[in-house]
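Data first, discussion second: the structure below is written as structure tokens.
Derivation of every value follows stated rules applied to the coordinates shown; laboratory data play no part. In this text the structure is predicted, and so the values were computed from the model without any measurement. Cβ coordinates were reconstructed from backbone atoms using ideal geometry, including for glycine residues, and neighbour counts include every protein chain displayed.
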Ligand SMILES: [Zn+2]
């Protein structure tokens, strides 16, 4: 927990799409949508933030990839590609169902910090 600012705060499922909220340094959250296209073997990450507006990388895409692979581990092969697309039209829908953030250790007293060993801990 050395970089609490770079951590997915909430996660929601809607059909086969995973939605994540990532905290912004300026306050508020970014909404990130993640979906897997089996024919293209590609994980699509859609969101909008200052980094993606400049065409550079951001931790949101890595966090989304990792969370999605945890969420649908049986579906996404190791060699799946990741494509980041800018989406400015994402918004919360009432039918989103909140779920625990995939890949993050559950904060349960006594067994806190327990992971399955596959979670990646990016510090960049
Ligand atoms: Zn971003």
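Give, as residue ranges, the strands (runs of 3 or more DSSP E) completely inside region 12-71 that count at least 2 residues that are within 11 Å of residue 84 (Cα to Cα) and touching a strand residue (DSSP E or B) at 6+ places or on another chain (Cβ under 8 Å).
Details: elements: 17-23, 29-37, 42-47.
Result: 29-37, 42-47.
How about region 12-22: which of its residues are touching a helix residue (DSSP H, G or I) at 6+ places or on another chain (Cβ under 9 Å) and either crowded, with 21+ Cβ neighbours inside 10 Å or closer than 10 Å to residue 60 by Cβ (or both)? Steps first, please.
Of all residues in region 12-22, those touching a helix residue (DSSP H, G or I) at 6+ places or on another chain (Cβ under 9 Å) come to 13, 18, 20, 22.
Passing the criteria: 18, 20, 22.
Can you find a residue in region 18-39 that is in contact (Cβ under 8 Å) with a residue 40 or more places away in the chain, away from the ligand (no atom under 14 Å from the Cβ) and within 20 Å of residue 105 (Cβ to Cβ)?
yes
Filter region 72-100 down to residues that are out of contact with any strand residue (DSSP E or B) (no Cβ under 6 Å at 6 or more places or on another chain) and within 16 Å of the ligand (Cβ to nearest atom) and give me whichever is nearest to residue 42 (Cα to Cα).
86
Take region 71-80 and flag every residue that is in contact (Cβ under 8 Å) with a residue 12 or more places away in the chain and surrounded by 12 or more Cβ atoms within 10 Å (Cβ to Cβ). First the steps, then the outcome.
Taking region 71-80 first, the residues in contact (Cβ under 8 Å) with a residue 12 or more places away in the chain are 71-72, 75-77, 79-80.
Once the filter is applied, which keeps residues that are in contact (Cβ under 8 Å) with a residue 12 or more places away in the chain and surrounded by 12 or more Cβ atoms within 10 Å (Cβ to Cβ), region 71-80 yields 71, 72, 75, 76, 80.
So which pairs qualify, if the first residue must be in region 53-70 and within 12 Å of residue 32 (Cβ to Cβ), the second must be more than 9 Å from the ligand (Cβ to nearest atom) and in a helix (DSSP H, G or I), the Cβ gap must be under 7 Å, and the two must be at least 6 apart or on different chains?
Between residues of region 53-70 that are within 12 Å of residue 32 (Cβ to Cβ) and residues that are more than 9 Å from the ligand (Cβ to nearest atom) and in a helix (DSSP H, G or I), the close pairs are 59/6.
Can you find a residue in region 3-11 that is in a strand (DSSP E or B), on the phi < 0 side of the Ramachandran plot and buried (at least 19 other Cβ atoms within 10 Å of the Cβ)?
Narrowing region 3-11 to residues in a strand (DSSP E or B): 10-11.
This time we only want the ones that are on the phi < 0 side of the Ramachandran plot, so: 10-11.
Keeping just the survivors that are buried (at least 19 other Cβ atoms within 10 Å of the Cβ) gives 11.
Yes, that holds for at least one residue.
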